[in-house]
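To start, the structure itself, in structure tokens.
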Amino acid sequence: MTTTNTYLNFNGNCEEAFNFYKSVFGGEFNYLGRFGEMPSSEDYIVPETDKNKIMHVSLPIGSSILMGSDVGGDWAPTFKQGNNFAVSISAHSKEEADRIFNFLGTDGQITMPLMDTFWGDYFGMLTDKFGINWMMSYNKQQK
């Protein structure tokens with residue numbers, strides 16, 4: 001079954017915010033990873049100033065997951081508080097991910113094409129023609 005969750009972006013205070021959310025909702029993080037833990041890549045070198053920032057964190061709340069990250073590098077100048085969220089979609093198949101992503105991307109802007117990632121998901125990001133940010137994900141290991 002395809003599901004949606006909220007994904008929040010922060011300008012350097014993601015860890016503080018998620019520790020607050022954890023104190024409000026309880027529970028434990030499913031995952032907390034920092035940009036400095038990313039594998040080396042020719043395509044992207046993490047700046048020293050971003051290495052301790054949160055690359056991804058997820059906090060289960062009931063049957064949904066609140067997710068987030070800090071912005072850094074090229075993304076930081078476009079950060080706008082209050083507009084710093086995306087709807088994250090978890091598809092039940094790779095074909096479903098492609099179908100939804102392609103439809104949502106019609107007349108929009110793809111910011112990261114769907115591709116296999118180092119964390120194991122087939123993942124991509126886009127902004128639709130209405131200005132809404134979307135993250136598409138499929139993880140065959142969780143099916």
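For the chain, what is the calculated [θ] at 222 nm in deg cm²/dmol (nearest 500), taking -39500 (n - 2.57) for each run of four or more DSSP H residues and dividing by its residue count?
Per the formula, -5000 deg cm²/dmol.
Of M125, M115, M55, which has the largest mean-square fluctuation in a 10 Å C-alpha GNM of the chain?
M115
As a quick test, which of the pairs K53/K140; K80/K129; K53/K129; K22/K140 have an alpha carbon distance above 26 angstrom in this structure?
Flagged as over cut-off: K53/K140; K53/K129; K22/K140.
Please list, ordered by chain and number, the residues whose modelled amide H lies under 5 Å from the amide H of G105; skip anything fewer than 5 residues away on the same chain.
Here nothing satisfies the definition.
Mean projection of the alpha-carbon convex hull of the range 42-117 over all orientations, in nm²?
That works out to 7.1 nm².
Can you give me the long-range amide H partners of G12? Hydrogens built in the peptide plane at 1.01 Å from N, cutoff under 5 Å, separation of 5 or more residues or another chain.
Residues meeting the amide H criterion: V71.
Which whole-Hz couplings ³J(HN,Hα) result when phi for each residue of the range 17-32 is put into the Karplus expression 6.51 cos²θ - 1.76 cosθ + 1.60, θ = phi - 60°, listed in order with x for Gly and Pro?
4, 6, 5, 5, 4, 5, 5, 6, 9, x, x, 10, 5, 5, 7, 9
Order W134, W119 by their accessible area, 1.4 angstrom probe, all chains in place, largest first.
My answer, sorted largest first, is W119, W134.
Across all directions of projection, what mean area in square nanometres is found for the Cα convex hull of the range 28-69?
The Cα convex hull of the range 28-69, projected and averaged over all directions, gives 3.4 nm².
I'd like the accessible area for K140, computed on protein heavy atoms only with a 1.4 Å probe and all protein chains in place. Round to 10 Å², please.
The accessible area of K140 comes to roughly 140 Å².
Enter the Cα centre distance for the pair the range 79-140 and the range 1-72, rounded to the nearest angstrom.
Spelled out, the Cα-based centre of one part sits 16 Å from the other.
Rounded to two decimal places and with Rh computed the Kirkwood way over Cα pairs, what is Rg over Rh for the range 1-81?
Taking Rh as the inverse mean 1/r over Cα pairs, Rg/Rh reads 1.00.
Treating each Cα of the range 73-143 as an identical point scatterer and ignoring solvent, apply the Debye formula and state log10 I(q)/I(0) at q = 0.20, 0.27 Å⁻¹.
Debye output, listed in q order: -0.84, -1.23.
For the range 1-47, taking Cα atoms only, what is the radius of gyration to one decimal and the Dmax to the nearest whole Å?
14.1, 40
Quick check: net charge around E16, other residues with Cβ under 15 Å of its Cβ, Lys/Arg +1 and Asp/Glu -1?
Its environment carries a net charge of +1.
Taking just the alpha-carbon atoms of the chain, what radius of gyration and Dmax come out, in angstrom?
Cα radius of gyration and Dmax of the chain are 15.0, 40 Å respectively.
The values are calculated or read from the model by the stated rules, or taken from the named source; none is laboratory data. Please read all numbers here as calculations on a predicted model, not as lab measurements. Methodologically, a virtual Cβ is constructed for each residue, glycine included, from the backbone with ideal geometry; neighbour enumeration extends over all protein chains shown. What goes into the accessible areas is simple: the full protein's heavy atoms, side chains included, and nothing from ligands, DNA or RNA. Shrake-Rupley method; radii C 1.70, N 1.55, O 1.52, S 1.80 Å.
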